[in-house]
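Have a look at the structure below, then the notes.
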Amino acid sequence: MGGRDGLSRRDFLRLAAGAGGVVAIAGCGQSAAQTGRGSQPAAGQPAPAAGQSGGAASSAPIKVGASISTTGSNARTGLYQQEAYLLWEKQINARGGLLGRPVQMIIRDDQSDPSTGQKLYEQLITDDKVDLILGPYSSGVTQAVATVAEKYRYPMLAAGASASDLWSRGDRKYLFGVYSIAESYFTGVVEIAQKEGYRTIAVVSEDTLFPKSTANGTVKLAQDKGLQVVVQEQYPQKVADVSSLIQKVKAANAEVLVGGSYLPDALLLTRQAKDLDYNPKLLAFSVGAAMPDFGESLGKDADYVFGPSMWEPELNTPGNQEFVRAYMEMFNREPDYHSAAGYSACQVLEAAVNAVGALDNQRIRDWLSSAEMETVLPGKYKVDANGMMIGHDAITVQWQGPNKVIVWPAKYAQGTYKLPTPAWSQRT
Amino acid sequence: MVGADAGALALAQVVISGLLLGAVYALLAIGLNLIFGVMRVINIAHGELLMLGSYATFWLFTLWGVNPIVSLVLVLPAMFLLGALLQRTLVDRVVGQPLLISLLLTFGLSSFLIGVALNLWTANYRSVPAFSGSIVVGGLALSISRVIAFVVALAITLAVWYFLRTTRLGKAVRATSQNTEVALVCGIDVARIRLLAFGLGTAMAGAAGSLLAVIYTVYPEMGRTFLMKAFAIIVLGGLGSFGGAFVGALALGVAEALAAFAWNTQIAEAVAYAIFIGVLFVRPSGLFGVRE
């Protein structure tokens, strides 16, 4: 026995500090270990030369690589995008493939972590020797991955990113937007707030690239429309408690609360607003509010909440109904706009490869930078000189009972919005 | 005048929110403290035990509509048994071994449990939409879910305190915690006490998880955030001090809430770490700990 008593409180402190370190280090280490549903190339199968195989004669599959956040805080949204990629893979192979060759998607899990995404794309391009790449989910991961795409000159459609920062520096040649920039997400909401005569607005957001971009854009939009921004604040990713923040917004008497959020924090903000009896006249969230999961998780509490959306299943865009049907058949759930954006990116990539007629990344890039085409998204695919999307039409939805209703812009509207939002205590 | 009143009201509201949450932190920290006291094992997997409690409550609620408070009737004994099982099969092997071994074991256990949860239940964020809304008392909005969590956490904490203070078995736990060898000499069945302590600690973590499920979101990696908070609380309150951990937990809850209100939520997240480091520098024995 023996040797057990020598342990003092000091030892505990030292150990506890060490333990904290171990946990932190492990958090980083895990990322490299996990790979998603990446498929290993079969032994003995000749790997096509990276990006330049020319598409002739060869019948080996065309490899399309991407990382998606299928675990971590953006997992729920990321999965929608991944499913769209998988649907396209299935459909294009059923149609006889791309340039007459089968398509093989290689998707890895970046765990919602930008540096992991960066590593994975580097791996996809150099080890897996993929022929084409598609974008990851979230602006933060895309920002990190874009440098890899630039380095290896692989054109990338940013199927899950919209922060204008990605394009504003003007030095990116291989990154192309698929839907409207984050800064413009709340154009509809701010316009509606102004029309209703609301004067004060609070803008809160997660402190990562995309949410910050939506928040900054919203503040500017609100100021332009004469609304007074009474609170502007950020909170960390994976935040567990926003009650003090809600308290602050409540004390500032904000009539409008806009959350630059992803799904988990949108749910948290709504729940805690109710718990603390904060009753804004208009409540809106960027990502989250437009997802079917929002209504499922919150039930009646989702009612009256606004959200920007990039796409809705009811839209009459070309091929949309077929897309929704095929998606529901394959995954047993309704697609959301992240699915549609992923699918749209696949449509554009397919068109680009077909137009060029070869796996020539340089010519595909040139086509992507100048082409215009319609996809399942409203508006059209059309980018500016920096690759930033300018042809897409963002829309705004509101939860009314169990349904999301498109309320803005008039061109796409299915109904009129309901305001002001009743107090929590006056709802049944 | 109205402005000042509103300010004071908002401040009171923030402090109350922090206190309500602090009681749940206490439940977690006291369990961790208990395990360390009896076995000298720092249980890195404590946060994951909390996570399991959260999922138990989530599934009971989602599948069968079991009220989260009622679910404690199942969660507490189930987690106690799980803890006893873990102790018997795994943790007991590292008691008395160099501390690195026990750190590695419980760290491995922690990663394993996260992996299992990711595979079984995916990374989705879940919530238990029971007890939403608030009771408004004199202008203060008290979140119903937090009030319930506070009351239950306090009740369980008091029950454990009473058990350790007054019962024969509880005294044996404290004796083992103070000096294992002497306890052994006095005829205390130390192996059984360890089983009891790990079971009890696990049950408390599970109960904290059940209560947090009602307030926050449930996901496989939720445990790590709370583990850090528990460490900070123990360091603040003083190791081995039941009362210290309790006061430390309430203090952390309030400090976080105030920091978020005065500055922002980003700073609030750092409060636990700041306390951790600050106490190590200024008073390594903690507020209620005994200096050696």
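Structure summary
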quantity	calculated
Helix B:168-178 axis, angle to chain B major axis (alpha carbon atoms, nearest 10°)	80 degrees
Kirkwood Rh in Å, taken over all unlike Cα pairs in chain A	22.7 Å
At R0 = 45 Å, FRET efficiency that the Cβ-Cβ distance of B:Trp263 and B:Leu74 yields, to 0.05	0.65
Reciprocal mean inverse distance between Cα atoms of the stretch A:223-352 - Kirkwood radius, Å	16.6 Å
Most fluctuating residue given options B:Met79, B:Met228, B:Met39, as computed from a GNM of chain B linking Cα atoms under 10 Å	B:Met228
Spacing of the two label points (7 Å from each Cα toward its C-beta) at A:Glu372 and B:Val136, in nm	5.4 nm
Nonlocal amide H pairs with A:Val397, under 5 Å, H built at 1.01 Å	A:Gly307, A:Ser309, A:Val407
Within the protein assembly as shown, percent of DSSP bridges classed antiparallel, to nearest 5	40 percent
Ratio Rg/Rh [Cα only; Rh per Kirkwood] for the protein assembly as shown	1.01
Amide H contacts of A:Gln104 (H built 1.01 Å from N, under 5 Å, at least 5 apart or other chain)	A:Ile62, A:Lys63, A:Val64
Over the stretch B:105-205 - Rg/Rh using Cα atoms and the Kirkwood inverse-distance radius	1.14
Under 10 Å, Cβ to Cβ, from A:Asp301 - net charge with Lys/Arg +1 and Asp/Glu -1	+3
Cα long-axis angle, helix B:68-86 against chain B (0 to 90 degrees, to the nearest 10)	30 degrees
Dimensions (Å) - the stretch B:28-234, Cα atoms, principal axes, largest first	56, 40, 31
Mean Kyte hydropathy of 0.0 or more with a Cα span along the axis of at least 30 Å, helices from DSSP in chain A	A:9-33
Over the stretch A:338-428, relative contact order from alpha-carbon pairs under 8 Å, at least 6 apart, %	14 percent
Helix B:2-39 axis, angle to chain B major axis (alpha carbon atoms, nearest 10°)	10 degrees
Rg to Rh, two decimals, where the stretch A:154-280 supplies the alpha carbon set and Rh follows Kirkwood	1.02
Overall dimensions of the stretch B:34-74 by Cα: Rg and Dmax, Å	13.6, 39
Within-11-Å neighbourhood charge of B:Arg146 [Cβ basis; K, R +1; D, E -1]	-2
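Coordinate-derived values only; no laboratory data. Note that the coordinates shown come from a computational prediction; the quantities given were computed from them, not determined experimentally. Here Cβ is always computed from backbone atoms with ideal geometry, including for glycine, and neighbour counts include all displayed protein chains.
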